[in-house]
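The values are calculated or read from the model by the stated rules, or taken from the named source; none is laboratory data. Here the structure is a predicted model, which means the values were calculated and not measured. Cβ placement follows ideal geometry from the backbone for every residue including glycine, while neighbour counts extend to all protein chains displayed.
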């Protein structure tokens, strides 16, 4: 049964497509953060190991919320690595194991890409599609990424 929430079916579909891109980025970043958590080494090993764990746990929650938001809008949620890989804005690097400082730089760059993309999606949801709920959800998500980016940036100063 389709939702009747004051937004046309066409606009709900468009918002769900935007949210699917967000979901793909979240899953990709989750996977990268998890990889770095498993492979970090060096002087600050335990600190970064715990930091990355905290961050992937936050991403895990965001992934679930984004997936459920898509369902709330009446669409099916993507759920395969192939689908995520086709939609993500982020780059993965197989068989490359950067230093801890390079890990931080890469994650920071990814969070900043997501922040920029979220700003655009927030505007589209609110202005173009009239979906204040999704705009609000994405605003909260953007704020989480801003906080994580700020934390990572502090390691590089």
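Numbers below:
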quantity: Tally, over segment 87-123, of residues that are closer than 26 Å to residue 136 by Cα and not in a loop (DSSP other than H, G, I, E, B); calculated: 18
quantity: Qualifying residues in segment 1-41 (those that are at pLDDT 95 or above and part of a loop (DSSP other than H, G, I, E, B)) - the one surrounded by the fewest Cβ atoms within 10 Å (Cβ to Cβ); calculated: 41
quantity: Total residues in segment 74-95, condition closer than 21 Å to residue 39 by Cβ, surrounded by 10 or more Cβ atoms within 10 Å (Cβ to Cβ) and out of contact with any helix residue (DSSP H, G or I) (no Cβ under 6 Å at 6 or more places or on another chain); calculated: 5
quantity: Failed item in (1) in contact (Cβ under 8 Å) with a residue 24 or more places away in the chain; (2) over 14 Å from the mean Cα position of the chain (by Cα), with residue 95 passing the rest; calculated: (1)
quantity: Enumeration of residues in segment 49-84 that are farther than 22 Å from residue 139 by Cα, free of Cβ contacts under 8 Å to residues at least 60 places away in the same chain, assigned to a helix (DSSP H, G or I) and over 16 Å from the mean Cα position of the chain (by Cα); calculated: 49, 50, 82
